[in-house]
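Before any comments, here is the structure.
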Amino acid sequence: MPSIKQNPAAHPLPDCRNLGVMLRILLGANLAALVAALILDSPGTWRGWGEALLEVSAWVELPLLVLLGLLALGRDLLWRLPPPAAQGVVLAGAALVAAVQYDFWRFMGLVEGAGTLRAMLLAMALCGGLLGYFALRARAFSPAVAEARLQALTARIRPHFLFNSLNAVLSLIRSEPRRAEQALEELAELFRALMRDARELSPLSDEIALCRQYLDLEKLRLGDRLKVEWTVADVPQDALVPPLMLQPLLENAVYHGVEPGEGVGSIHIGFARQGDDMSIELTNPALSGSGHQAGNRMALANIRERLALYYDLEARLEWGETEGRYRVRILLPLRREARP
């Protein structure tokens, strides 16, 4: 059975290449440093607390960053090991980095005494606490839970899509019955696409084809009033994106940006590569003063939550109105289909 392989949160070992994981580790370690500074602040003054925090941070930050870098580089190797063995390797790595740092500072004359063992034990205790947190989090956010949530979110999108598509076909039954029959055949193809498993990312080419079919159906109602421009710059067609990510945005663009207007309404969809990321931008006329019913941004909230399930904090969704155009921008990691 397929699973959410693109963001393997079920592994008890954290993915240190993931921005969200890195931020959680840094936040947890610095909170631990803050607590330690409060304990070490024997005078109980703000100045004493600040000095204690600075001292503890000097011990924590450098080995933490070094360990994060090593874990990011060796992530794939660690994930091939059984989880207990991988966690043991991480604990040993934390102890080794702490020992090297302490011995170096002692060599430089910054510390005195044989405190290497204590530094190793403290590093292992902090690392063990973070590993325990991520192990519990992996159980709480298991693939089954995430998949069920994705299916529910996708199920919310489908009724709107199908309802609007059927309305477009119904408008042709009397005036152009042959064209209506052809549109029903196209709609049947769209239904098959909609019934695909929502747990897996789909190729960008499939998502674009689905959106083109949907827009063709909308043109049956709006005719020449609907103008669509596509721009695909340096983005591979086999790039993977969440299914039904663009169609709800296009539906909003048609319903809120083109349909209420009187003249031609243009929708622009652009894809661009930005390093290891892919940018998707959609703009449409902003007709906020037309008296048309404003959207409740359900589609945007839906897409934001699905992006979080697939990519954690590595994806962003932004929207706003500038110069009479409503703009939605999605930035997500550029991932491609695995080659056999």
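The values are calculated or read from the model by the stated rules, or taken from the named source; none is laboratory data. None of these values were measured; they are calculated from a predicted model. All Cβ positions, glycine included, derive from the backbone under ideal geometry; neighbour counts span all protein chains shown. Accessible surface is based on the protein model in full, side chains and every heavy atom, while ligands, DNA and RNA are left aside. Shrake-Rupley method; radii C 1.70, N 1.55, O 1.52, S 1.80 Å.
Name the one entry in Ala233, Ala239 that is open to solvent by less than 20 Å² (accessible area, probe 1.4 Å) and in contact (Cβ under 8 Å) with a residue 24 or more places away in the chain. Working first, answer last.
On the way: Ala233 fails: open to solvent by less than 20 Å² (accessible area, probe 1.4 Å).
Going through Ala233, Ala239 in turn, the sole match is Ala239.
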Next item on the list: Would you check if Ala155 is part of a helix (DSSP H, G or I), modelled with pLDDT of 80 or more and either aliphatic (A, V, I, L, M) or open to solvent by less than 30 Å² (accessible area, probe 1.4 Å) (or both)?
Entry: no
Margin query: Residues that are in contact with a Ser or Thr (Cβ under 6 Å, 6 or more places away or on another chain), more than 19 Å from Asn302 (Cα to Cα), hydrophobic (A, V, I, L, M, F, W, C) and modelled with pLDDT under 80: does the stretch 196-219 have at least one?
Written below: yes
